[in-house]
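This report refers to the structure that appears directly beneath it.
The values are calculated or read from the model by the stated rules, or taken from the named source; none is laboratory data. Only a predicted model underlies this, so the values are computations on that prediction, with no experimental measurement involved. A quick note on method: Cβ atoms are made from the backbone with ideal geometry, for glycine too, and the neighbour counts reach across all protein chains shown.
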């Protein structure tokens, strides 16, 4: 346990005298606080970025696997509403049918949205196969391996821009970390290894002398503001629909998708039966 005396500098190795034998520099404790805050912020940024990529990848997989089912349900809802309106002739039923049909009208970029599952003319054969429990090409999976995660974290800790003091060094680190993030988002373990070798062989940042107390206080303030911004991003990710789903099954998101798919298939079957009854 750290005693109050240790907090005041009573532990060996803290607040050491200067090489000349004088009293400790006033900025020494503040410098340690800045370094601790920098490391804490880097770890927090790594955690937020890791979760952001997991949410992004899970969102892509969710749209690829379940998008056609949601589209089919919307189409069936529109057909059911239209069949009911045709049977009753009620203006209110006609209004509901028009609203249901408007929800499934083709939209710009729909082919890109569903990654080749459908276009303005309807579902592609792969989607039809999936909806009828036929074999279908699995959606592309982008989930970084454990080794890729380890490499990413090591690189982020070593090359993070917040560790730079000079602007030129910060620019170099930002360009490098951009490439690291892109490789991690693709789950490219080989490229991450190459980037690790590149960083190890690269120039070392120059040693910096003592920072004036005013600059240290400014640095601490910036670090606190940065963490507040990251906290907002983290909260938005966690509260998003995809983020909430991912947190329900962080170790096996595929199982969660399979469970949702089963429910949607059951909903499709129920809607088809309802439509058949209305048309019959």
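Cβ-Cβ distances below 8 Å connect the following pairs, each with a first residue in the stretch 259-280 that is touching a residue at least 60 places away in the same chain (Cβ under 8 Å), a second residue that is surrounded by fewer than 11 Cβ atoms within 10 Å (Cβ to Cβ), and a separation of six or more residues or different chains: 265/133. Scanning the stretch 203-216 turns up no residue that is within 29 Å of the chain's Cα centre (by Cα) and exposed (fewer than 12 other Cβ atoms within 10 Å of the Cβ).
Only one of these conditions is not met by residue 233: (1) in a helix (DSSP H, G or I); (2) at pLDDT below 80. Which number is it? The failed condition is (2).
Taken as a whole, the structure leaves residue 157 outside the set of residues that are closer than 30 Å to residue 268 by Cα, surrounded by fewer than 16 Cβ atoms within 10 Å (Cβ to Cβ), at pLDDT 55 or above and under 26 Å from the mean Cα position of the chain (by Cα).
What residue, among those in the stretch 1-57 that are part of a loop (DSSP other than H, G, I, E, B) and surrounded by 11 or more Cβ atoms within 10 Å (Cβ to Cβ), is modelled with the lowest pLDDT?
11
Just one of the listed residues (151, 191) is at pLDDT 90 or above, in a helix (DSSP H, G or I) and either within 28 Å of residue 253 (Cα to Cα) or within 18 Å of the chain's Cα centre (by Cα) (or both), namely 191.
In the stretch 212-229, the residues that are at pLDDT 75 or above form Cβ pairs under 7 Å with partners that are part of a loop (DSSP other than H, G, I, E, B), at six or more places apart or across chains, as follows: 216/27. For the stretch 72-89, check the following and say yes or no: at least one residue is part of a loop (DSSP other than H, G, I, E, B), modelled with pLDDT of 85 or more and surrounded by fewer than 11 Cβ atoms within 10 Å (Cβ to Cβ). There is at least one residue in the stretch 72-89 that is part of a loop (DSSP other than H, G, I, E, B), modelled with pLDDT of 85 or more and surrounded by fewer than 11 Cβ atoms within 10 Å (Cβ to Cβ). Taking the conditions (1) farther than 30 Å from residue 27 by Cβ; (2) surrounded by fewer than 16 Cβ atoms within 10 Å (Cβ to Cβ) in turn, residue 166 satisfies each one other than (1).
Matching residues to (1) touching a strand residue (DSSP E or B) at 6+ places or on another chain (Cβ under 7 Å); (2) in a helix (DSSP H, G or I); (3) surrounded by 12 or more Cβ atoms within 10 Å (Cβ to Cβ):
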{"position": "243", "(1), (2), (3)": "no, yes, yes"}
{"position": "250", "(1), (2), (3)": "no, no, no"}
{"position": "254", "(1), (2), (3)": "no, yes, yes"}
{"position": "260", "(1), (2), (3)": "no, yes, yes"}
{"position": "266", "(1), (2), (3)": "no, yes, no"}
{"position": "275", "(1), (2), (3)": "no, yes, yes"}
{"position": "278", "(1), (2), (3)": "no, yes, yes"}
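Residues in the stretch 130-148 that are at pLDDT 50 or above and in a helix (DSSP H, G or I): 3 in all.
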